[in-house]
Amino acid sequence: MTLYVVKRLLQFIPTIFCISLMMFVILNVLPGDATTMSGGMKRQLDAKTAENMKKQLGLDKPLHIRYLHYIKGLVKGDLGKSYLRSESVNDLIAQRLKPTIQVSLAALLIAVGFGIPLGFVSALKQGTWMDTLSMVGAVSGVSIPQFWLGLILMYVFSLLLGWLPPQGYGGGSLVNLIMPAFTLGVGYMALIARTTRAAVIEVLSEDYIRTARSKGLSEWIVNRRHVFGNTMILILTTVGLQFGSLVGQTVIIEKLFSWPGIGSLLVDSIFQRDIPVTQGCVLVIIGVFLIVNLVIDLMYVIIDPRIQYK
Amino acid sequence: MKKLCFILLLLFTGFCFFPGSSMAAKSGGEFNFIAPYGGDLSSLDPHKTNRTQDYIVILNIHRSLYKWSADAGKPVLALADSVKVSQDRLTYTYALKQNVKFHNGRNMTADDIIWSYQRILTPATASPGVRSIRIIKGADDFESGKATAIQGLKKLDDYTLEITLKNPVEPGFSLYPPEIAILPKEEVEKRGDSFGVDPVGCGPFKFVNWVKGSEVVLEKFAGYYEAGKPYLDKVVYKIMPEAASRDIAFKVKELDATTVGSVNYPEYKGTPAIAKNMIEVAELWTRVVCFNVDYGPFKNKKVRQALNYAINTKLINKKLLKGKAVDPVGYLPPSSPAFGTDSKGYEYNPERAKQLLKEAGYPDGFTFECLGTDNGTWGVKAIEALIPMLKKVGVKVVPVRMEGAAMSARAKSGDFQALIWSLDSGPDPLSALSRWESVNERVSGNYSGYNSAAFDNYLALARVETDDSKKMDLLKKADQTFIEDAPVWFYNYNKAVLAYHPWVHGLQPVAVELMYQDLSSVWVDENSPRK
C-alpha cells in the first residue's frame, strides 16, 4: 500500500513537468505580454517604457532560458514572482487557496448531503412522483447556469428577504459562505443525484439482491448492506472527479460574490498576461485534482475489500 | 454681464446638484465604495502599476504634487501652497505645505518629491509614470544613467522646490496623476516589494487591510494636512467586477455609491429616488473605430469621411447604449479645455457617403474587417450595429472578436484593417492629441497610422506657445484637421454615471475618470446605515 502511494506520488512528477512545459509554451506564444494594453490598463505604455519593463521582467531573454529559470525555481517549490503584483506567486496562491478550499468543501457537503439521498430515494421509489420530482430537480440543477442562479439567490435572500449579505468574504464567516457554496454546489449535487440513481437501479437488478430478498431479509437491510456499499464505488468516483475540477470552476461565483479565491486570480492573470501567476494557479489546481483522485483511489480499499493495491 | 450671469448660473446648478454643498459636513461613519474594473487590484505602489482599478484606491492613500479639481476641470496644487512661474514659463518655484505628514508621522519635504521623481525615472522601477517626469529638464540624462540627479529638480530649502521644464507645458497635467505620488523613501526601502501590499503615503486615508479579490480597507489618517478632513472614519473598497452584483449590493445598501453601466442606466434613470442622486459626466475617453490608413480603401480620405457620413452615430448611442454616451464632434470631448464649440463633426448623410465613395473610386463599396473585444460598449456589439448602415452604401464590415491583449498586440503591429477602442482624450488636450502625431508610431498609440503635416504643425506650435488662449486655438484647429481627415469613425465620449444613496455627500463629477473620487471631501449623514 505504502509502495503504491509512493509510486503514485512519483507519477505526479512527469505529469506536472509535462503540464508545466505545455503551459509555458502556450502562454508565451499567445499574442501580447504583460506590457501590452489590456483590460483595466490605464493607458498604452510608450515604446521605450514597454521595452524597459520587458527587460526588468526578463521578457527579453530567449524562451528556453526563461523556461530553465522557471523549472529551477519549480524544483525548489518556488513558483516565481508575479509580473504585475508586488508578491511572489507562492504568497498570492497561499492567500487564495483557503477561501477556494472552503467554498469547494462547503459545496461538496451540500452536493453529497442532498445529492446521495435524493438519488437513493428516486431509485428506490422509481416511477413514483418522488422519483419524478427529484429528477426534475436534478436536471434543473445541472442545467441552471451558475451565474444566473447566484443572481437569483442574491435577489431573493439579500434584496427581498435581507437574510444574507450580497457579497464579500467576511473573514470566511458562515453567512457569507452560504450563497457561494450553494451556487457552486447545486450543479454538482444534481450530477451526484443522477449518478446515484443510475448506480442504485443497476445494483437493484443484480442477482445477489434477488438472493438477499429471497433469504427473507427486510428491504432496509438489503438496501443498507448490499445496495449502499455496492453503489458507493461509482458515486465516490463521480464525487472525486467532480471535486477535483470544482476547485478550478469557482471563478464565476468568485467574481459574482467577490469571493477571494484562486479562480478569479487565474482568470485575471490570463487577461493581464501575468504568466507566472497563471502557471502557478494551474499547477496548484492540477495538484489538488491529482491528490483528490489519489485519496479517492485509496478510499476504494476501505469501501470494497476486494480492491487491493500492491 | 453675460459672464456674471453664467457664473451665477454655474454656482446655482452647483448648489442644486452637488451633494452636500448646502449642508455642513459631519465627521464619522464608514463608506462602502467599489473597485469595479476587471478583477482584483494589482499593487498599491503608485509607481509600479498602470491600472485604473489600483489608482481608484491609491489616490486616497497617496498624494501627488497636484490633484485633479472637478470644479476647475484641471489640476490644482495639492502639496504646495503656491507656485511662482518664471517669465519664460520654464521654471516653477513651489512653496510646499509645511504640515504634510506621511502616515508614519514624518513631515514631507522637497527631498521626498525629488526622491519620488527619481524613483519613477529609474529604469529598475519600470514605472509607467516615466513620461510624466520626462517633461523635467535633465530627465533623459538621469533615465539613461548619464546623470546621478535630475538637473531640473532643485531643493531651495526643505519646503521650497524649483522645477525646470524642457518646454513651456503646464506641469500640473503631468504631475497630478496618482502614479506620480510622493512616497516616503524610508518606508519604501524598508518594505521593498511588499510596499505594494502595505503602502504608506501622505493621503487622507491609511491602509489597513486588503483581502485579495474581495476588498481593501482604509481608515482615517488623523494627521492629514487639510484641517478637519477627511470626514469618514473608514472606507471599504469592494472589488466587484460584476455589474449585476453591484446593482443588488447597492439596492440592499451594502454599497453607498456605485458606478452605473448602460444595462442599468435606463432603470436607475427611471427610478426617481435613485435618479435624483446620480452624477453624470462626459469623461475624457473617446470611443473610435481606427481605420488603418495604410490599408487599401482607407488610404483615401474620402472613403474614411464617407464611412463617418454613412453611420447614424446618434441612433447607435441612443438605442444600443441606451443614451449612456455623449454624441461626438471631434477627438476632444466637451470636458476638454480645447473642445471646439464651433467645430463641426459628421452628420448622418448616406447620400453624401455614396457620393464620396464614388469619387474615391469605390462606387460599389468594399469589404473590411474590424477587430473588437467583447466590451459591451466599445466592442464587437457596436461593430455589429454598423453592418446594416454600411450595407446601405455598399460597404461590408466583418466583425472579428478578439481578446484584449491579443488585439492590442495586433494594433501595435499594424496588422489590421480597422479596430474599435476607447482611447484617453484628456485631461491635457496637447498630450491627448499628440497620440496622433506622425512621429508617434502605432506602438505608442497612433493605431490608425495617421500622418498629417498640418496637424503636426499645429501641435508643434502649441507646444511652444506660452499664451494659453492661443494655445487652445491651435489645439482646436488641430482637432478640426483631425475631424476632416477622419482617420477614425467618431463613435462617442463615455458618459460615466455614479449613483449614490441620499445620505452621501461630497462626491464629485470627475471628468478624468468618475471613479477617481477623492474621498477626503466625502461625508455621510446620520441616515447612513454605517454611521
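All conditions in (1) on the phi > 0 side of the Ramachandran plot; (2) more than 24 Å from the chain's Cα centre (by Cα); (3) not acidic (Asp, Glu) hold for residue A:133, with the sole exception of (1). Within the stretch A:136-169, being within 19 Å of residue B:246 (Cβ to Cβ) and more than 22 Å from the chain's Cα centre (by Cα) holds for A:152, A:154, A:155, A:156, A:157, A:158, A:159, A:160, A:162, A:164, A:165, A:166.
Tell me, which residue of the stretch B:205-230 that is aliphatic (A, V, I, L, M) and modelled with pLDDT under 95 is surrounded by the most Cβ atoms within 10 Å (Cβ to Cβ)? Per the criteria, the residue is B:211. With respect to the conditions (1) within 27 Å of residue B:130 (Cα to Cα); (2) within 14 Å of chain B (Cβ to nearest Cβ), residue A:100 falls short on a single one, namely (1).
Take residue A:168 and decide whether it is touching a strand residue (DSSP E or B) at 6+ places or on another chain (Cβ under 9 Å), within 14 Å of chain B (Cβ to nearest Cβ) and in a loop (DSSP other than H, G, I, E, B). Yes; evaluated as a whole, the condition is true for this residue. The residues of the stretch B:359-376 that are assigned to a loop (DSSP other than H, G, I, E, B), free of Cβ contacts under 8 Å to residues at least 60 places away in the same chain and farther than 17 Å from residue B:388 by Cα, listed by number, are B:363, B:373, B:374, B:375.
With (1) in a strand (DSSP E or B); (2) at pLDDT below 95 as the list, and residue B:290 as the residue in question, which single condition is left unmet? It is condition (2) that residue B:290 fails. Within the stretch A:67-88, the set of residues being within 14 Å of chain B (Cβ to nearest Cβ), more than 25 Å from the chain's Cα centre (by Cα) and without any contact (Cβ under 8 Å) to a residue 24 or more places away in the chain comprises just one member, A:86.
Take the conditions (1) more than 27 Å from the chain's Cα centre (by Cα); (2) under 30 Å from residue B:442 (Cβ atoms); residue B:271 misses just one of them, which is (2). Suppose the filter is over 19 Å from residue B:423 (Cα atoms), small (Gly, Ala, Ser) and surrounded by fewer than 21 Cβ atoms within 10 Å (Cβ to Cβ); does residue B:360 pass it? Against the criterion (over 19 Å from residue B:423 (Cα atoms), small (Gly, Ala, Ser) and surrounded by fewer than 21 Cβ atoms within 10 Å (Cβ to Cβ)), residue B:360 qualifies. All conditions in (1) in a loop (DSSP other than H, G, I, E, B); (2) facing chain B (nearest Cβ under 10 Å); (3) over 27 Å from the mean Cα position of the chain (by Cα) hold for residue A:52, with the sole exception of (1). Number of residues in the stretch B:384-406 that are at pLDDT 90 or above and either touching a Lys or Arg at 6+ places or on another chain (Cβ under 9 Å) or part of a strand (DSSP E or B) (or both): the value is 13. Put simply, of A:91, A:78 the only residue that is in a helix (DSSP H, G or I), farther than 20 Å from residue B:125 by Cβ and acidic (Asp, Glu) is A:91. Exactly one residue among A:222, A:156 is among the β-branched types (Val, Ile, Thr) and within 14 Å of chain B (Cβ to nearest Cβ), and that residue is A:156. Just one of the listed residues (A:30, A:21) is surrounded by fewer than 19 Cβ atoms within 10 Å (Cβ to Cβ), within 14 Å of chain B (Cβ to nearest Cβ) and under 26 Å from the mean Cα position of the chain (by Cα), and it is A:30.
Restricting attention to the stretch B:398-453, which residues are within 10 Å of another protein chain (Cβ to nearest Cβ), within 18 Å of the chain's Cα centre (by Cα) and over 21 Å from residue A:48 (Cα atoms)? Within the stretch B:398-453, B:421 is the sole residue that qualifies.
The requirement of being of a type in the set (Val, Ile, Thr), crowded, with 20+ Cβ neighbours inside 10 Å and farther than 30 Å from residue B:467 by Cβ is fulfilled somewhere in the stretch B:303-311, by at least one residue.
Which of the residues spanning the stretch B:208-228 are small (Gly, Ala, Ser) and closer than 18 Å to residue A:264 by Cβ? Passing the criteria: B:213, B:214.
Evaluate the following for residue B:228: is it within 11 Å of another protein chain (Cβ to nearest Cβ), in contact (Cβ under 8 Å) with a residue 60 or more places away in the chain, over 22 Å from residue B:318 (Cα atoms) and assigned to a loop (DSSP other than H, G, I, E, B)? Criteria not met by residue B:228. Figure legend. Inter-residue proximity from the stretch A:89-106: first residues more than 14 Å from residue A:274 (Cβ to Cβ), second residues outside any helix (DSSP H, G or I) and hydroxyl-bearing (Ser, Thr, Tyr), beta-carbon distance below 8 Å, spacing 6+ or different chains. Indicated pairs: A:99/A:169; A:100/A:250; A:103/A:250; A:104/A:250. Among the residues of the stretch A:55-65, those identified as surrounded by fewer than 17 Cβ atoms within 10 Å (Cβ to Cβ), assigned to a helix (DSSP H, G or I) and of a type outside the set (Val, Ile, Thr) are A:55, A:56, A:63, A:64. One residue stands out among those in the stretch B:30-48 that are aromatic (Phe, Trp, Tyr) and surrounded by 24 or more Cβ atoms within 10 Å (Cβ to Cβ): the one that is nearest to the other protein chains (Cβ to nearest Cβ), which is B:33.
Inclusion of residue A:79 among residues that are exposed (fewer than 13 other Cβ atoms within 10 Å of the Cβ) and touching a Leu at 6+ places or on another chain (Cβ under 8 Å) is not warranted.
Yes or no, residue by residue, for (1) within 14 Å of chain A (Cβ to nearest Cβ); (2) among the hydrophobic types (A, V, I, L, M, F, W, C):
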residue: B:252; (1), (2): yes, yes
residue: B:261; (1), (2): no, no
residue: B:276; (1), (2): no, no
residue: B:310; (1), (2): no, yes
residue: B:319; (1), (2): no, no
residue: B:335; (1), (2): no, no
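Output the strands (runs of 3 or more DSSP E) that fall wholly within the stretch B:110-212 and possess 3 or more residues being among the β-branched types (Val, Ile, Thr), away from chain A (no Cβ under 12 Å) and out of contact with any Pro (no Cβ under 6 Å at 6 or more places or on another chain), or say none. Counting at least 3 such residues, we get B:160-164.
Hey, does the stretch A:278-287 have a residue that's within 14 Å of chain B (Cβ to nearest Cβ) and in contact with a Pro (Cβ under 7 Å, 6 or more places away or on another chain)? Taking every residue of the stretch A:278-287 in turn, none turns out to be within 14 Å of chain B (Cβ to nearest Cβ) and in contact with a Pro (Cβ under 7 Å, 6 or more places away or on another chain).
Considered as a group, the residues in the stretch B:262-287 that are among the charged types (D, E, K, R) and assigned to a helix (DSSP H, G or I) include one that is surrounded by the most Cβ atoms within 10 Å (Cβ to Cβ), and that residue is B:269.
For the condition more than 14 Å from every other protein chain (Cβ to nearest Cβ) and surrounded by 23 or more Cβ atoms within 10 Å (Cβ to Cβ), residue B:89 does not qualify. Which residues, taken from the stretch A:154-177, are hydrophobic (A, V, I, L, M, F, W, C) and in contact (Cβ under 8 Å) with a residue 24 or more places away in the chain? A:154, A:177 - these are the residues of the stretch A:154-177 that are hydrophobic (A, V, I, L, M, F, W, C) and in contact (Cβ under 8 Å) with a residue 24 or more places away in the chain.
The values are calculated or read from the model by the stated rules, or taken from the named source; none is laboratory data. What you see is a predicted model, and the numbers here were worked out from it, not measured in a lab. No Cβ is skipped: glycine too gets one built from the backbone with ideal geometry, and neighbour counts run over all protein chains shown.
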